[in-house]
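Chemist: Before I ask anything, here is the structure I am working with.
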Amino acid sequence: MEANEKVAIITGASSGIGKQTALALLKLGYSVVLAARRAELLEQTIKESGVAASKSLAVTTDVSDPDSVKALFAKTKEAFGRLDLLFNNAGVSMDNGPVTESNPATWRRVIDINLMGIYHVARAFINDMPRGGNILNTGSGAGENPQPNDSSYCVSKAGLHMFTGVLA
């Protein structure tokens, strides 16, 4: 790795915004650590990028599990020795109907991934954040515009917006 080369971790990198961001950063010359729960999709994204294997790393990660997040950062340091950018993008939406009909376990899972996951990953990054390091968190308009049948998602994204402000 060259001295001026940047290294990024992207959570939720197996599909959607995370996958497209990983492909874009790899194209821009970043070394990228792709993190998500589905290893086969991470590997597929790396193959799709066409970059050298030394420029990317797939790490199966559950952001709601602090030990899994610690392993992600340990593997990143081992592979690249540094980290410049964190794109906190992992998230889920589990439409669970009105609050009166919602399942507490579903609520907990959404909050654990969308809010606690952001916290676990940001906290790990901040502990070793380099001067000039950056954190990007993926929010949603749902954090400001209530959707009665997706209450856990809305609440998690509202919390994410506030957490992002606290970090700033």
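Chemist: Pull out the extension gain between Asn134 and Arg108, defined as 0.36 nm times the separation in residues minus the alpha carbon to alpha carbon distance; nm, one decimal.
Modeler: This chain segment gains 6.5 nm when fully extended.
Chemist: Going down the table (Lys55/Lys75; Lys47/Lys70; Lys47/Lys157; Lys19/Lys55; Lys6/Lys27), which pairs top 22 Å between alpha carbons?
Modeler: Lys47/Lys70; Lys47/Lys157
Chemist: Ignoring ligands, DNA and RNA, what percent of the accessible area of the chain is carbon or sulfur (1.4 Å)?
Modeler: It is 54 percent, rounded to a whole number.
Chemist: Mind pulling the angle between the C-alpha long axis of helix 151-167 and the longest principal axis of the chain? Nearest 10 degrees, somewhere in 0 to 90.
Modeler: 50 degrees
Chemist: Using a 1.4 Å probe on the protein heavy atoms only, what accessible surface does Met116 show? Give it in Å² to the nearest 10.
Modeler: About 70 Å², ignoring ligands and nucleic acids.
Chemist: Classify the chain: rounded, prolate or oblate, from the alpha-carbon gyration tensor (a ≥ b ≥ c, eigenvalue square roots; a/c under 1.5 rounded; otherwise prolate if a/b is larger than b/c)?
Modeler: prolate
Chemist: Is the shape of segment 1-87 rounded, prolate or oblate, going by the alpha carbon gyration tensor and its root eigenvalues a ≥ b ≥ c, with a/c under 1.5 for rounded and a/b larger than b/c for prolate?
Modeler: Oblate, because a/c is 1.5 or more while a/b does not exceed b/c.
Chemist: Hey, another quick one. Percent relative contact order of segment 1-101, based on C-alpha pairs within less than 8 angstrom and at least six residues apart?
Modeler: 33 percent
Chemist: Between Asn127 and Gln20, take the C-beta separation as r, use R0 = 35 Å, and let me know the FRET efficiency to the nearest 0.05.
Modeler: So the FRET efficiency works out to roughly 0.80.
Chemist: Heavy atoms of the protein only, probe of 1.4 Å, neighbouring chains included. What is the accessible area of Arg109 in Å², nearest 10?
Modeler: Surface open to solvent at Arg109 totals about 70 Å².
Chemist: Assign one of three labels to segment 38-82, namely rounded, prolate or oblate, based on the Cα gyration tensor with a ≥ b ≥ c the square roots of its eigenvalues; rounded applies when a/c is under 1.5, prolate when it is not and a/b is larger than b/c, and oblate otherwise.
Modeler: Taking the square roots of the gyration eigenvalues as a ≥ b ≥ c, segment 38-82 is oblate.
Chemist: Right, another one. Could you give the length gained by full extension between Ala71 and Val99, i.e. 0.36 nm per residue of separation minus their alpha carbon distance, to one decimal place?
Modeler: 6.6 nm is the gain from fully extending Ala71 to Val99.
Chemist: Taking the Cα-to-Cβ direction at Met162 and at Arg82 and moving 7 Å from each Cα, how far apart do the two end points lie in nm?
Modeler: That separation, rounded to one decimal, is 3.7 nm.
Chemist: Which residue, chosen from Val121, Asn103, His161, occupies the Cα position most advanced towards the positive end of the dipole of the chain, where the dipole is computed from +1 (Lys, Arg) and -1 (Asp, Glu) charges on Cβ about the Cα centre?
Modeler: The residue sitting farthest along the positive end of the dipole is Val121.
Chemist: Sticking with this structure for a sec: Where the centre of each part is set by its Cα atoms, how far does segment 87-122 sit from segment 1-70, in angstrom?
Modeler: 22 Å
Chemist: Next up: Using a simple charge model, +1 on the beta-carbon of Lys and Arg, -1 on the beta-carbon of Asp and Glu, nothing else, what dipole does the chain show about its Cα centre, in debye to the nearest 20?
Modeler: My answer is approximately 340 debye.
The values are calculated or read from the model by the stated rules, or taken from the named source; none is laboratory data. Please read these numbers as outputs of a predicted model, since none were measured by experiment. No Cβ is skipped: glycine too gets one built from the backbone with ideal geometry, and neighbour counts run over all protein chains shown. Surface areas here come from the heavy atoms of the whole protein model, side chains and all, with no ligands, DNA or RNA. Shrake-Rupley method; radii C 1.70, N 1.55, O 1.52, S 1.80 Å.
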